[in-house]
Structures are given as C-alpha cells and as structure tokens.
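A short worksheet on the structure shown next.
Read-outs: derived from the displayed coordinates by stated rules, not from any lab. The structure displayed is predicted, hence computed values, not measured ones. Note that we place each Cβ from the backbone using ideal geometry, even for glycine, and neighbour counts take in every protein chain shown.
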Amino acid sequence: MLAVNQPGQMTYASPEGLPSVAVVILNYNGRAYLEKFLPSVMASTYPNMHVVVADNDSSDDSVSFLSKYPRIRVIRLIKNFGFAKGYNEALKEVRADYYVLLNSDVEVSPGWIEPVLELMKTNPDIAACQPKILSYHQQHLFEYAGACGGWIDRYGYPFSRGRVFEHSEEDKGQYEDPGPCFWASGAAMFIRAEKFHALGGFDEHFFAHQEEIDLCWRLQLTGSLVYVQPGSVVYHVGGGTLPRGNSLKTFLNFRNNLWMLYKNLPWPAMFWLIPFRMGLDALAAWKALLGGDPGYFTAVARAHIHALLGLRKLSRSKPVSPGRKLKGWYNGSVVWDYFIRKRREFSQIVLHK
C-alpha cells in the first residue's frame, strides 16, 4: 500500500482504483484509548486505508506506545494546538482522497468505511459525512457528540437526530435513512480532502469545540452537502479530553458558538440574533449561579467577553446563494421545545412542530 515515504509527506498506491482514505487520529495524552481502540481501527476491511496518529505534544507515553504499530504513521506536533489547529497542521502532511477524522476514544467495526464512501461516491456534492454514533458504554443509546447527524436551530443551538441537549434516545432503528444534516461530528468525520483544504480547514481561533459545525456551515454556504450514513456504526466513549460540565469546555462552547454565528449568519440576522443569544446565555448563567454553580456563570461571562473582543480577527463567510436552503436547519427554537414544551426527542421537535 505504501508507495512513497519522504520527510513531510506520504502518498499511497490505489489498489484496484479505490480512492485512498487516511484515518487520522488526533491524540493528546490518550495512550489508554489508543491501546484500547486502535486494534478495531487496524481491523478495518477497506483495502486502501492508512492510519495516521497526530500527537498534540502528549506528556504521557503515547508516542512510544505507537512503536508497536509499525504500519501507523506518527506525526509529532511541537505543542498542544487543540483540535482545530492540531488537525490543520497534521493534515498538511497527509495525502489522501478522503480524510476520516477519528477521535481516539472511538471503537469501529471492520466494515465501517465502505458504506460512507459508497454514499459519497454516488453523490459528489456530499463533502462531509458521519456514521451513526452510539455510546460505547451504553450501546443501545445514541452518543452525545453527533448521534445520527447534527442539526442546528435558528438561534444557533446544536442538537442531533437522537440527542437533544442532555437527552440521548435509545436506538430503535428510527433514524436508519441516510440523509442530509447540518453538521457532521468531529468524533468521526469523513471529508473530501480537497474540500477541507479549499476552505482552509478548521478555524484555528476556535481551538476546540464547535469548529466542526463551523466548517460544515461553511461547506454548505459554498454549495456542498453534509450527510449522515447510519449504515456505518461507531461507538464513542465521549468526554475523553474535556468532560461535560468542565468550565473550560463551557467557556469554549459559548464563545465559539457566538463566533460561529458572527462568521456565517447574513448581516441582517446577525445584528439581532447575536444579542438575543447572549441574553439567553445570560439567563442560563444566572440560573446556574442561583443553583449553586458559580463556575458555569463565570465561564459564560468570560466567553461573552472573549467573543466580543475577538470578533475583529474572524473572517466572515460569503452568504448562501439566493433560493438555496441550508440542510439540517430547524427554523424553530429547540430551547423552547425542550424546556417549555417538554419535547425530548428529535422526532417530536422536527417532525411534529
């Protein structure tokens, strides 16, 4: 499979004309996850796959452990660049037709690549796609980070087929149809390499969290589609680097969400929606403070300050072409539906307005 091995890049032969797939795992102090889940990745049946681990300057023994896998290419980054820049830097060194950005805490099945590639080959407009993502520890439940395809509401709140806020549905086969969505999870994202590089990859200002939603929004604005293929299933542990409830994760999610809205909304909507969103964020922060969680309140306040101070360094996307609608866009309020109308499941919100 290996054709050329030169400093700074690798290219790969294409058996039987199959497109090349680079499964790229960004690692930071994830030695235990690599040991547990790399065997499933290496057992993948797609013939023209190669595996790359990009190490974000780990302080554990991740790199030395990878010597057990001579077929895996290791890219050592000089510092912890976070998710966004870490992948951008690593993918400058990787040549393939498709990238699969895979978290280190994901278990895959042998034939997980083929269904996604078949779907993307049948529709060249699909730039990014994710498999169905189930919980590793509760495999009958959809997993938080992407479930069965990411959506977003008109106020910028992300949710998924199978997961709305903290409620994860049981997988009963209710979302088995492949179809368009708004965003594909960064836990297991297939993306055409040319599309990734054409858009400049992830926005490095984000560091981590919601950078994949921003990228998928930009893909749609340039005319591409984002899909989910439930015929491929992976199992995600989740929270391996920053668990839910962590103050840094709260900060990054709130800050990056405001940045994403600023970058991708048309001007008229941006001027009213961002202040409105900040008001909703403030309500959530005060509720947390009164409920005995000052860390959450402080994280949201810091996120708002940093978001406003950082606007000048962001580049806005070009507006969507007239007459073309974004896929996976819910024109209602998922907050209202979930907390006021008590609708917990995706189908209750999107399919039964």
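Table for the structure above
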read-out	value
Antiparallel %, DSSP beta bridges [both residues in the range 2-236], to 5	50 percent
Contact order relative to length of the range 240-317, as percent, for alpha carbon pairs under 8 angstrom and 6 or more apart	43 percent
Under 13 Å, Cβ to Cβ, from Asp214 - net charge with Lys/Arg +1 and Asp/Glu -1	0
Ascending count of other beta-carbon atoms within 10 Å, so fewest first, for Ser315, Ser247	Ser315, Ser247
For Met120, net neighbour charge (Lys/Arg +1, Asp/Glu -1) across residues whose Cβ lies under 14 Å away	-2
With eigenvalues of the C-alpha gyration tensor scaled by 5 and rooted, the range 247-351, Å	25, 22, 10
Summed residue charge, Cβ within 12 Å of Tyr87's Cβ, Lys/Arg positive, Asp/Glu negative	-4
Isotropically averaged projected area of the range 97-191, using the convex hull of Cα atoms (one quarter of hull area), nm²	6.6 nm²
Within a Gaussian network of the chain (alpha carbon springs, distance under 10 Å), most fluctuating of Trp329, Trp259, Trp267	Trp267
Filtered trypsin sites (Lys or Arg not before Pro), the range 185-256: DSSP coil and at most 14 other beta carbons within 10 Å	Arg244
Convex hull of Cα atoms in the range 153-233, direction-averaged projection (nm²)	6.3 nm²
Translational diffusion coefficient (Stokes-Einstein; Kirkwood radius from C-alpha pairs) of the chain at 37 °C, 0.692 mPa s, in µm²/s	158 µm²/s
Stokes-Einstein diffusion coefficient of the range 1-160, Kirkwood radius over Cα pairs, 37 °C, 0.692 mPa s, in µm²/s	194 µm²/s
Net charge dipole size for the range 2-236 [Lys, Arg +1 and Asp, Glu -1 on Cβ; Debye, nearest 20]	460 debye
Residue order, fewest to most beta carbons within 10 Å, for Glu211, Glu194	Glu194, Glu211
Value of relative contact order over the range 135-196, rounded to a whole percent, pairs C-alpha under 8 Å and six or more apart	33 percent
Length-normalised contact order of the chain in % [C-alpha pairs under 8 Å, at least 6 apart]	17 percent
29 Å Cα-Cα reach of Lys263 towards lysines, excluding residues that sit fewer than 8 places from it in its own chain	Lys79, Lys85, Lys92, Lys132, Lys195, Lys249, Lys287, Lys313, Lys318, Lys325, Lys327, Lys353
Proxy reagent accessibility, fewest Cβ within 10 Å first, across Thr250, Thr122	Thr122, Thr250
